[in-house]
């Protein structure tokens, strides 16, 4: 009996998935629990298991292909009844199998159902070439809004490409803004742009990079964040000498136990502990109300190497306010390592209530970060730089770190953010408090 | 390939070199057919081979295709490696029972006891005012049969490399040459090489439309592609299948996924043909990548005319191919 494998919904926001790798080929035997494929979702590359024993009779979606949730990707034959009905009509046998034993297919992705619905509603059957339909799905173009140029009004690839181009042009009004400001400025800009173009034309050729699922998600979520959240920033300088001294002592004393605390571990712990006095910092805007979260789950931004396609993931340290420094350190290291090698599961990246982005290891002094929805705040940490500092009215040499909060003004007002930063500064400048 | 200047030889010389090299290499290889020995071959393909290999290995046969094809099959079953030359594949029709009913099925019918490592080769296709009965393109008719392989080179280099592979193959190979191409010259290196079956060659790269073809029409496809690039701004990717069985579907599919459009050029008739098979495979494997149905250019569905102008019009030609590409790209 044929069991249909469909693209699973591996995260709440997943609408489509890419088969990165098949671990089986047609004809291979599989057992329940076997990992048959690596699937890239909008968040991560995840392992896909099978729930039945059988033989892979067909692989429908090849490696590298992206399909909507619920799409048939492979067929497994469980060996039952196959002798009884060897040549049964495929449609009836697979339909029966999918209702009988395959997991119910997830609801179709909203974008896809919108365009299909539109196609049905458009009176006489809408004619669309397959690749035009696929492109429209991928770019969320409503087919009903396109006039087909093919025979009998068929919408073809060129029509969808035109619609994508028009939308891009419509969504980018920079030329109007430039003409609106004083004349010399756009002229100068135009000059720069022209000379840059000339340079690149003469030098290195440009190229296109296909968007990975992760890159699409980063783009979508951060544009959404910047477009909907009224961001503002608050910065403090934190004396890091106490943390650096304590870290040195602890790492020396606990070296034999494999403990190697990073400065970031102290910051994670500090942020988590600071939440106790400032519940609005650990909150989400929910449209008609504000959600104050009970758990303190700290997201830690991890950059991925260019060899793995680059990008950024945010693993979550759950209940960081209730975990020791050592625990936080080990968990962060394990999650970062997994992110860079195997990829994280959706669960490992979900439910954060606050996020930290640390570019200190690159020597960055100061930067601002974009809030990671549905968080209401993100902390951007620079390096603990050795520099002239004033201590008790005397000029000395010390290590200071600039920490910049980006805040959602709908949830957190300036004074609230400043107060939280004061608490964090106090904790990090007296780090023994982080040990208890 | 070595860095030395590559020599140019004719298609017929390339075929002869392939046979002669394999006969020197393997004493079990021999050639039989009408006029292959004393007359040096009806088309001079086997010129000089009688002198080198003698009458035991270069064998003139009576005009009896059914007889000598069967003789070859018997020899192959007993372990020899015959090359059977049909002066024209049109004449192979009288040997249909041997070449279709015996050779490709022998391994299966004998339960694996007898293989049939034989090469049938000769001129295929119209184009020389030979009339309906002598202008057969047999690829679609014969490719339908399981158990055989089919190679159809489009140039001297491929002719030699594919024929050497054919002679060493354990299965019956139908090797389709073209009388119209025997004098074509092309670069063929001195040193030995073989071309594996099932590996198509991309003759030209392009982004807008894939043209899949086999044998002589590959040249028409190339000509059409150059016109399309110059006159219409359409860049075609031209794929030379080189073998029909096995078919290099991977190369075809990868190209169509890129271009989203495809024209198949097959010099045989369209109904139940190599062209319809390729179109069906593309529909199956590239459905969501297609911007239009697969267009096909075939010989017209009539017996080959004798009149030269009608014959040229009946066959696939660059004008028909260009027109099909324009239609596939919605530019017609």
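Below are the figures for this structure:
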| read-out | value |
| --- | --- |
| Qualifying residue in the stretch A:173-187 (condition: modelled with pLDDT of 85 or more and either surrounded by 12 or more Cβ atoms within 10 Å (Cβ to Cβ) or within 13 Å of chain B (Cβ to nearest Cβ) (or both)) | no |
| Members of the stretch B:277-298 that are more than 14 Å from chain A (Cβ to nearest Cβ) and either out of contact with any strand residue (DSSP E or B) (no Cβ under 7 Å at 6 or more places or on another chain) or under 17 Å from residue B:237 (Cα atoms) (or both) | B:277, B:278, B:279, B:280, B:281, B:296, B:297 |
| Count - residues of the stretch A:130-160 that are surrounded by 22 or more Cβ atoms within 10 Å (Cβ to Cβ), more than 9 Å from chain B (Cβ to nearest Cβ) and over 27 Å from the mean Cα position of the chain (by Cα) | 4 |
| Residue selected from the stretch B:299-332 under the condition touching a strand residue (DSSP E or B) at 6+ places or on another chain (Cβ under 8 Å) and under 11 Å from residue B:263 (Cβ atoms), by the criterion farthest from the other protein chains (Cβ to nearest Cβ) | B:316 |
| Enumeration of residues in the stretch A:205-246 that are closer than 20 Å to residue A:404 by Cα, in contact with a helix residue (DSSP H, G or I) (Cβ under 9 Å, 6 or more places away or on another chain) and assigned to a loop (DSSP other than H, G, I, E, B) | A:240 |
| Qualifying residue in the stretch B:40-63 (condition: crowded, with 22+ Cβ neighbours inside 10 Å, modelled with pLDDT of 95 or more and within 20 Å of residue B:171 (Cα to Cα)) | no |
| Only listed residue being within 17 Å of residue B:116 (Cβ to Cβ), touching a strand residue (DSSP E or B) at 6+ places or on another chain (Cβ under 9 Å), in contact (Cβ under 8 Å) with a residue 12 or more places away in the chain and assigned by TED's automatic domain parsing to the domain that holds residue B:25, chosen from B:152, B:167 | B:167 |
| Unmet requirement for residue B:251, which otherwise passes all of (1) in a helix (DSSP H, G or I); (2) surrounded by fewer than 23 Cβ atoms within 10 Å (Cβ to Cβ); (3) within 14 Å of chain A (Cβ to nearest Cβ) | (3) |
| Residue in the stretch A:275-291 that is assigned to a strand (DSSP E or B), surrounded by 15 or more Cβ atoms within 10 Å (Cβ to Cβ), outside the structural domain of residue A:41 (by TED's automatic domain parsing) and more than 22 Å from the chain's Cα centre (by Cα) present | yes |
| Residue in the stretch A:379-386 that is over 27 Å from residue A:279 (Cα atoms), touching a strand residue (DSSP E or B) at 6+ places or on another chain (Cβ under 8 Å) and either in a strand (DSSP E or B) or not assigned by TED's automatic domain parsing to the domain that holds residue A:267 (or both) present | yes |
| Index of the failed condition, residue A:51 passing every other in (1) in contact with a strand residue (DSSP E or B) (Cβ under 7 Å, 6 or more places away or on another chain); (2) farther than 28 Å from residue A:220 by Cβ; (3) surrounded by fewer than 19 Cβ atoms within 10 Å (Cβ to Cβ) | (1) |
| Output for the stretch B:190-229, where each listed residue is touching a helix residue (DSSP H, G or I) at 6+ places or on another chain (Cβ under 8 Å), assigned to a loop (DSSP other than H, G, I, E, B) and more than 30 Å from residue B:105 (Cβ to Cβ) | B:192, B:193, B:206, B:207, B:208 |
| Hey, residue B:232 within 12 Å of the chain's Cα centre (by Cα) and either in contact (Cβ under 8 Å) with a residue 24 or more places away in the chain or under 25 Å from residue B:90 (Cα atoms) (or both) or not | no |
| Tally of residues being at pLDDT 95 or above and more than 17 Å from residue A:263 (Cα to Cα) across the stretch A:379-407 | 3 |
| In the stretch A:327-378, the residues that are over 18 Å from residue A:295 (Cβ atoms), part of a loop (DSSP other than H, G, I, E, B) and modelled with pLDDT of 90 or more | A:359, A:364, A:365, A:366, A:367, A:368, A:369, A:370, A:371 |
| Every residue from the stretch B:170-186 that is over 18 Å from residue B:44 (Cα atoms) and in contact (Cβ under 8 Å) with a residue 60 or more places away in the chain | B:171, B:172, B:174 |
| Condition broken by residue A:36, with the remaining ones in (1) crowded, with 21+ Cβ neighbours inside 10 Å; (2) farther than 21 Å from residue A:339 by Cα satisfied | (2) |
| When residues of the stretch B:276-306 are limited to those that are more than 27 Å from residue B:229 (Cβ to Cβ) and free of Cβ contacts under 8 Å to residues at least 12 places away in the same chain, the one surrounded by the most Cβ atoms within 10 Å (Cβ to Cβ) | B:288 |
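The values are calculated or read from the model by the stated rules, or taken from the named source; none is laboratory data. Just so it is clear, the model here is predicted, and its values are computed rather than measured. Positions of Cβ are generated from backbone atoms using ideal geometry, with glycine treated the same way; all protein chains shown enter the neighbour counts.
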